[in-house]
Amino acid sequence: MKIRWALLGCPLLVLAACSPSTEDNPAAAPPAPVTPPAAAVCDKQPSGPSSAPAGAVTVDPKVAGDLVAKTKSSPAGTTFWLAPGTHRLGSGKFDQIAPKDGDQYVGAPGAILDGGRVNQYAFTGHASNVGIRHLTVQNFAAPHDEGVVNHDSGDGWVIEYDTVQRNDGAALMAGARQQVRGNCLRDNGQYGMNAYKGDGTITGLVVEGNEITGNNTGDWENKIEGCGCTGGVKFWAVDGADIRGNWVHDNRGAGLWADTNNNDFLIEGNLIENNDGPAIEYETSYNATIRNNTIRRNNWVDGRRYASRGDDFPVAAIYISESGGEPQVRARTAKLEISGNVLQDNWSGITLWENADRFCNSPANTSSGVCTLVQPDPARCAQPGIATEPLRSDCRWKTKNVDIHDNRFELDPAVVHCQVTCGRMAELSNYGTYPDWSPYKGDTIADAITSDQHNQWHDNTYTGPWTFVVHDTSQVLDSRTWQQARKQDQGSTFTRGG
C-alpha cells in the first residue's frame with residue numbers, strides 16, 4: 001500500500017537550486033535511450049523447439065480447449081508442446097489450465113496462448129514445480145490485483161523465455177522458490193508481476209534478466225486514488241529475493257516496489273529507467289542490499305505532479321519508507337545498504353522517510369491489519385503497553401541502519417527540466433499527531449530518523465546542484481551544511497554547484 005504524507009504550507013529554505021527551466025512542462029520528453037542492456041529480451045527470446053520433445057504431448061491450436069483437456073487427462077509431470085499457432089482455451093471466463101505437479105509447458109516458435117479478452121486466467125491452481133517456457137501469453141482479462149500466469153501462487157514454478165503481454169491485472173503472480181528468467185513482461189494492465197501469496201510468505205524468489213516495460217496501462221492510481229497498486233513489479237511479504245540483471249523501464253508507476261514485510265532483498269545490476277514513479281521503492285520492509293544498479297530518468301511524472309500542486313515532498317528515485325536494517329529479522333545482511341549505484345538525471349536522489357503516524361494498529365497504517373515482523377500481534381500495539389519498551393520500538397517499521405555509500409549522483413537540470421524541487425536527498429518525517437493515543441507525537445520520529453537511527457551517507461560522488469532535506473520539508477540545506485553541521489557525506493565530493 002502506498003502512502004506519501006505531503007507536508008503542505010511549510011516554508012522552503014532554498015540554499016541551492018536547479019538552474020532555471022520549465023518544471024511545469026509535462027511534455028518534456030527524455031532523451032533517446034542508449035544501447036539497450038543484455039535484458040532487452042522483448043521479441044528476442046530464444047525460440048522453443050520446432051518439434052515435440054521426446055515423450056511430450058502435442059497440443060493442437062486448431063482445437064479450442066485442447067490444452068485444458070489434455071492437461072486434465074494426463075498424469076502429473078507431463079510435458080506439453082504447444083504447436084505453432086494461436087491456442088484458445090474456450091469461451092468461458094473460467095476456461096483455464098490447472099497444471100499438476102511437475103507439468104511442463106513448452107511453446108514451439110510462434111506458439112501463442114490467447115485469452116481473447118474473455119478468459120480471466122491462463123495457468124491456475126496450487127501445483128508445484130511447473131515450468132512454462134517459450135510461450136506468448138496475451139489478452140487475458142484478470143481482475144484487479146490478480147494475475148494471469150501462476151494465478152494461485154504455486155511454489156517452485158520456473159517461468160523462462162516467455163512474453164506475457166497486453167493482459168489485465170498482473171502478467172504473473174509468484175510463489176515460493178519461483179524463478180522468473182529471460183521474460184518479456186510488457187504492457188499489462190496493472191503489473192508485470194505481483195509477488196503476493198495470500199496464504200503465506202514467498203521465499204527464495206529469483207527475478208533475473210527480464211525486460212519489464214510499459215505496465216499499468218490501466219492507470220490504476222487515477223482510477224483508485226492512493227491505491228498503491230501499480231508499476232513494474234510489486235512484492236508483498238517476500239522473504240529472500242534476488243532481483244538482478246533486469247531492464248525495468250517505461251512503467252506507469254514505480255519500477256520495483258517492495259511493500260510490507262519484505263526481507264532480505266538483493267537488488268543488483270539492473271537498469272531501471274524512465275519510470276513514472278520511483279525506480280525502487282522499499283516500504284515497511286527489512287534488510288536489503290541495493291547495489292551496482294544504473295538508475296536514470298525516473299520520477300519525472302511524479303515529480304512534476306507534486307510540483308504542480310505545490311507539494312514539496314521529496315519524491316525520489318530510491319524511496320525508502322519505514323524500512324531499514326533490523327538484526328532481529330534473519331537475513332544475509334542486518335543493514336539496508338545502497339552502494340555502487342549510478343543515479344543519473346532522475347527527479348531526485350534518495351529519500352529516507354518515516355511517517356510518524358504510521359505504526360502497527362494505527363488507523364494511519366495503510367497495510368491494514370498487518371503488524372511488524374518483530375511484533376506480529378496488532379492487539380499488543382495499544383495503550384498502555386505501547387508507551388514503553390520493547391513495544392514502543394517493536395510496533396513501528398523504522399527507517400534505520402541505512403548505509404548509502406560509493407554511489408554516483410548526476411543531475412543536469414537542462415535534461416530534467418526542473419526548478420527547486422528536484423535534485424534532492426532527504427532524511428525526514430512528519431510532525432506526529434494521530435491517533436490521539438499515539439506515543440509518537442510531535443517531533444519524536446523526525447528527531448529519531450535524523451539523529452538516532454544510524455542512517456549515513458558517505459563516500460559518494462555528486463555532480464550538479466544538489467540540496468538536502470533534513471528532519472522535515474522546511475529544512476533544505478546546501479552540501480556544506482549537510483557535511484559540516486549534519487556530519488553526512490563524509491568523504492564525498494561535490495562538483496558543479498550544490
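The values are calculated or read from the model by the stated rules, or taken from the named source; none is laboratory data. In this text the structure is predicted, and so the values were computed from the model without any measurement. Don't worry about glycine lacking a Cβ; one is built from the backbone with ideal geometry, like all the others, and counts go over all protein chains shown. Heavy atoms of the whole protein, side chains included, go into the accessibility calculation; ligands, DNA and RNA do not. Shrake-Rupley method; radii C 1.70, N 1.55, O 1.52, S 1.80 Å.
Yes/no matrix, rows are residues, columns are (1) without any contact (Cβ under 8 Å) to a residue 60 or more places away in the chain; (2) open to solvent by 30 Å² or more (accessible area, probe 1.4 Å); (3) under 19 Å from the mean Cα position of the chain (by Cα):
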| site | (1), (2), (3) |
| --- | --- |
| 126 | yes, yes, no |
| 132 | yes, no, no |
| 137 | yes, no, no |
| 162 | no, no, no |
| 176 | yes, no, yes |
| 179 | yes, yes, yes |
| 183 | no, no, yes |
| 215 | yes, no, yes |
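Of all the residues in region 330-356, those that are among the polar types (S, T, N, Q) and assigned to a strand (DSSP E or B) number 3. Of the residues that make up region 469-480, is at least one under 17 Å from residue 408 (Cβ atoms), touching a strand residue (DSSP E or B) at 6+ places or on another chain (Cβ under 9 Å) and open to solvent by less than 70 Å² (accessible area, probe 1.4 Å)? There is at least one residue in region 469-480 that is under 17 Å from residue 408 (Cβ atoms), touching a strand residue (DSSP E or B) at 6+ places or on another chain (Cβ under 9 Å) and open to solvent by less than 70 Å² (accessible area, probe 1.4 Å). The strands (runs of 3 or more DSSP E) found wholly in region 255-329 and carrying at least 1 residues that are out of contact with any Lys or Arg (no Cβ under 9 Å at 6 or more places or on another chain) occupy 263-268, 280-283, 286-291, 294-296, 318-321. Within the set 68, 106, 63, the sole residue that is surrounded by fewer than 17 Cβ atoms within 10 Å (Cβ to Cβ) and β-branched (Val, Ile, Thr) turns out to be 63.
Within region 289-326, the residues that satisfy the criterion of being within 16 Å of residue 267 (Cβ to Cβ) and open to solvent by 10 Å² or more (accessible area, probe 1.4 Å) are 289, 291, 292, 294, 296.
Mind counting the residues in region 60-76 that are touching a strand residue (DSSP E or B) at 6+ places or on another chain (Cβ under 8 Å) and within 17 Å of residue 130 (Cα to Cα)?
Filtering region 60-76 for residues touching a strand residue (DSSP E or B) at 6+ places or on another chain (Cβ under 8 Å) gives 61-62, 66-68, 70-71, 74.
In the following step, the residues that additionally are within 17 Å of residue 130 (Cα to Cα) were identified as 67-68, 70-71, 74.
Qualifying residue count for the region: 5.
Give me the pairs: first residue in region 469-493 and without any contact (Cβ under 8 Å) to a residue 40 or more places away in the chain, second residue open to solvent by 30 Å² or more (accessible area, probe 1.4 Å) and of a type in the set (Val, Ile, Thr), beta-carbon distance under 7 Å, and six or more apart or on different chains, which are they? From residues that are without any contact (Cβ under 8 Å) to a residue 40 or more places away in the chain, the pairs are 492/461; 493/461.
When the residues of region 227-254 are filtered to those that are in a strand (DSSP E or B) and of a type in the set (Gly, Ala, Ser), which remaining residue is modelled with the lowest pLDDT? Full working, then the answer.
Residues of region 227-254 in a strand (DSSP E or B): 231-235, 238-244, 247-249, 254.
Now drop any that are not of a type in the set (Gly, Ala, Ser), which leaves 231-232, 240-241, 254.
Values: 231: 90, 232: 97, 240: 98, 241: 98, 254: 97.
Per the criteria, the residue is 231.
Within region 142-173, being among the hydrophobic types (A, V, I, L, M, F, W, C), closer than 26 Å to residue 47 by Cβ and assigned to a loop (DSSP other than H, G, I, E, B) holds for one residue alone: 157. Screening residue 367 with (1) touching a Lys or Arg at 6+ places or on another chain (Cβ under 9 Å); (2) open to solvent by 10 Å² or more (accessible area, probe 1.4 Å) gives one miss only, at (2).
Meeting the requirement of 3 or more residues that are closer than 24 Å to residue 259 by Cα and aliphatic (A, V, I, L, M), the helices (runs of 4 or more DSSP H) wholly within region 357-456 are 444-451.
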